[in-house]
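Input: a single structure, listed below in structure tokens.
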Amino acid sequence: YGFGFVWLSQDVGNEMIFIRTFKQRLIDCTTQVWHDNVFNSSRCDFYKLFKSQLNPEKYLSIDMPFYYRKALARFRCSSHKLKIEVGRHTNIPRENRICTFCFENVGLIVIENEFHAFFVCGRFEHTRTALLFTWYTGRTSEFALLRLMKSENVEIIKSTAIFIAALFKEYESVL
């Protein structure tokens, strides 16, 4: 960690300053390793778009049923059954992980990823109208989805989690 001089000199100088400096160095190194692991992982494509700091997320500490918290965590970490993730496990090329619902019903060839499921897919239009668009009036862009994933607003977090849980329930009911 760059403190070889302490071993060689067998002295740390001011102990309080040394402890504070060493502690910060440990935090910095851990953060750097975490950041490197996330950004070099093939698994964290969605997560790395909005998660930039190694800190506990607000949704983990708010009063919300476990079911909703789990759904939000699964969505954020790509631990779901959307084609973007299932295709990764079955070695399907990324460009072939298309949404079968949109292809069969509208002839649209689009990758079934988090953004598509959240804002675009016709399969979830009723759920989106009933649970998302009653409170969300912003743009339906990838940037908007990332902003929702980074939100610190308790009501937005809860509403987003409820909507995602409903998406998962609806999606898994047709599998």
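The values are calculated or read from the model by the stated rules, or taken from the named source; none is laboratory data. Remember, predicted model here, so these are calculated numbers, not experimental data. We place every Cβ from the backbone using ideal geometry, glycine too, and count neighbours over all the protein chains shown. The area values use the complete protein model at the heavy-atom level, side chains included, leaving out ligands, DNA and RNA. Shrake-Rupley method; radii C 1.70, N 1.55, O 1.52, S 1.80 Å.
Kindly indicate the residue of the range 98-113 that is polar (S, T, N, Q) and free of Cβ contacts under 8 Å to residues at least 40 places away in the same chain and also nearest to LYS81 (Cα to Cα) among those meeting that condition. Looking at residues that are polar (S, T, N, Q) and free of Cβ contacts under 8 Å to residues at least 40 places away in the same chain, I get THR100. Right, PHE115: open to solvent by 40 Å² or more (accessible area, probe 1.4 Å) and touching a Leu at 6+ places or on another chain (Cβ under 8 Å) or not? In short, yes.
Per this entry, GLU85 is not counted among residues that are open to solvent by 80 Å² or more (accessible area, probe 1.4 Å), free of Cβ contacts under 8 Å to residues at least 60 places away in the same chain and closer than 25 Å to SER42 by Cα. Residue pairs whose Cβ atoms lie under 7 Å apart, separated by 6 or more positions or on different chains, with the first residue in the range 123-140 and surrounded by 11 or more Cβ atoms within 10 Å (Cβ to Cβ) and the second modelled with pLDDT under 95, are PHE124/GLU170; THR127/GLU170.
Okay, residues lined up against (1) in contact (Cβ under 8 Å) with a residue 24 or more places away in the chain; (2) among the aliphatic types (A, V, I, L, M); (3) in contact with a strand residue (DSSP E or B) (Cβ under 6 Å, 6 or more places away or on another chain):
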residue	(1), (2), (3)
TYR1	yes, no, no
LEU8	no, yes, no
PHE18	no, no, no
THR21	no, no, no
ASN37	no, no, no
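Only residues that are open to solvent by less than 90 Å² (accessible area, probe 1.4 Å) and part of a loop (DSSP other than H, G, I, E, B) were counted across the range 1-42, and they come to 7. Restricting the first member to the range 57-82 and to residues that are farther than 18 Å from ILE156 by Cβ and among the hydrophobic types (A, V, I, L, M, F, W, C), and the second to residues that are open to solvent by 30 Å² or more (accessible area, probe 1.4 Å) and not in a loop (DSSP other than H, G, I, E, B), the beta-carbon pairs closer than 7 Å and six or more apart or on different chains are CYS77/TYR47. Across the range 47-70, which residue is surrounded by the fewest Cβ atoms within 10 Å (Cβ to Cβ) among those that are farther than 16 Å from ILE162 by Cα and among the aromatic types (Phe, Trp, Tyr)? It comes out as PHE50.
Out of curiosity, is GLU95 of a type in the set (Asp, Glu), open to solvent by 90 Å² or more (accessible area, probe 1.4 Å) and free of Cβ contacts under 8 Å to residues at least 60 places away in the same chain? So GLU95 fits the description; yes. One residue stands out in the range 141-175 among those that are open to solvent by 80 Å² or more (accessible area, probe 1.4 Å) and acidic (Asp, Glu): the one that is nearest to TYR67 (Cα to Cα), namely GLU155. Taking the listed residues VAL110, VAL106, the one that is modelled with pLDDT of 95 or more, open to solvent by 20 Å² or more (accessible area, probe 1.4 Å) and either over 15 Å from ILE162 (Cβ atoms) or touching a helix residue (DSSP H, G or I) at 6+ places or on another chain (Cβ under 9 Å) (or both) is VAL110, with no other qualifying. Confirm whether LYS83 is of a type in the set (Lys, Arg) and touching an Asp or Glu at 6+ places or on another chain (Cβ under 6 Å). Against the criterion (of a type in the set (Lys, Arg) and touching an Asp or Glu at 6+ places or on another chain (Cβ under 6 Å)), LYS83 qualifies.
Comparison of PHE75, PHE46, PHE50 shows that the only residue that is among the aromatic types (Phe, Trp, Tyr), touching a helix residue (DSSP H, G or I) at 6+ places or on another chain (Cβ under 6 Å) and modelled with pLDDT of 95 or more is PHE75.
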